[in-house]
Amino acid sequence: MHHSSSEVGKFATVFENYDNVETPIECELRGTPPKFLEGTMLRNGPGMFQIGNDMYKHWFDGLAYPQRYHFQDGKLFYSAKFIETNDYMNNINNRTIVTSSFGTYKFPDPCKRIYGRFETKFDKGDADSPAENPSVSFRQHGDGIYACTESPILYRIDPDSLSILGRLDMSQYVCVYTYTAHSNSDYEGNVYNIGTKFLSTHPEYIFTKTMNPANNPNAKNRHTCEDTRIVGTVKSTAADSPCYYHSFGMTQNHFVLLEGPVRISLKDIATR
Ligand SMILES: [Fe+2]
């Protein structure tokens with residue numbers, strides 16, 4: 001990347017492409033880590049912005065690149081690996097950016113599968129699914145570690161190898177187009193989240209609860225999200241523009257959503 005301003009140059013260095021580090025490397029330590037420090041910390045984030053001659057322009061668009069910091073016997077090991085999502089593989093195989101992302105979002109209608117009667121003109125891409133580049137955060141459902149972005153598509157990954165264990169579309173359980181990466185949880189490990197539903201309806205914010213499968217002896221496995229239900233809905237104050245949100249608050253009895261001035265213009269999406 002070439003930028004004349006040094007400030008832009010500094011910013012540009014974060015828009016780099018990184019390489020997989022699949023075999024954990026031992027890090028050089030300064031000082032002595034405390035003996036009790038054992039375990040793994042995962043951090044999510046973008047790690048690839050350029051594919052062929054094509055370039056993502058927004059920080060949110062870089063391809064998901066989980067990094068693993070593993071403490072063991074007073075040593076620290078580092079590894080990192082791109083999540084080989086459908087979007088990732090499409091991009092790599094075509095050597096260009098072929099999938100939509102935060103900057104150029106595509107909203108196929110996930111409700112179609114649930115209700116089977118909505119028409120959508122948004123599904124004009126090659127793929128039949130929303131953007132799937134879970135580069136924002138991790139969420140835990142039972143023993144499952146899920147990489148998330150602001151869509152209902154989650155990827156469950158192995159916290160040791162960083163490989164994909166499963167792909168999950170939450171919109172098979174609740175009809176949401178967007179689904180924030182920053183959920184909250186309670187003391188029982190149940191997960192609360194908020195999504196937005198629009199098209200064919202006045203936009204609504206959908207509040208969901210996913211029961212912790214580890215607490216359910218009848219659950220089909222210990223990471224399933226199938227016990228997900230809607231616990232509340234609130235209509236957007238504007239019929240043509242639900243707000244964009246990145247997270248929400250939660251108290252013992254309430255969800256707290258600030259409906260800010262940054263809006264998703266449905267008209268712009270529909271006429272694009
Ligand atoms: Fe965030």
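The values are calculated or read from the model by the stated rules, or taken from the named source; none is laboratory data. Because the structure is predicted, anything quoted here is derived from the model rather than measured. Cβ placement follows ideal geometry from the backbone for every residue including glycine, while neighbour counts extend to all protein chains displayed. Remember, those area values only see protein heavy atoms, side chains included, never the ligands or the DNA or RNA. Shrake-Rupley method; radii C 1.70, N 1.55, O 1.52, S 1.80 Å.
Which residues, taken from the stretch 149-167, are modelled with pLDDT under 95 and not β-branched (Val, Ile, Thr)?
Answer for the stretch 149-167, where residues must be modelled with pLDDT under 95 and not β-branched (Val, Ile, Thr): Glu150, Ser151, Pro152.
Here is a check on your reading of the model: is Val8 out of contact with any Leu (no Cβ under 8 Å at 6 or more places or on another chain), of a type in the set (A, V, I, L, M) and modelled with pLDDT of 75 or more?
Against the criterion (out of contact with any Leu (no Cβ under 8 Å at 6 or more places or on another chain), of a type in the set (A, V, I, L, M) and modelled with pLDDT of 75 or more), Val8 does not qualify.
The C-beta contact set for the stretch 181-202 (first residue without any contact (Cβ under 8 Å) to a residue 12 or more places away in the chain and open to solvent by less than 60 Å² (accessible area, probe 1.4 Å), second residue not basic (Lys, Arg) and not in a loop (DSSP other than H, G, I, E, B), distance under 9 angstrom, 6+ apart or interchain) comprises Asp186/Tyr192; Asp186/Met250; Thr201/Cys111. Scan the stretch 21-65 for residues that are under 27 Å from the mean Cα position of the chain (by Cα), polar (S, T, N, Q) and surrounded by fewer than 13 Cβ atoms within 10 Å (Cβ to Cβ) and the total you get is 2. For the stretch 218-272, the candidate set comprises residues that are open to solvent by 80 Å² or more (accessible area, probe 1.4 Å), more than 29 Å from Tyr187 (Cα to Cα) and assigned to a loop (DSSP other than H, G, I, E, B); within that set, the residue that is nearest to the ligand (Cβ to nearest atom) is Val262.
Only a single criterion out of (1) at pLDDT below 95; (2) open to solvent by less than 30 Å² (accessible area, probe 1.4 Å) is not satisfied by Arg68, namely (1).
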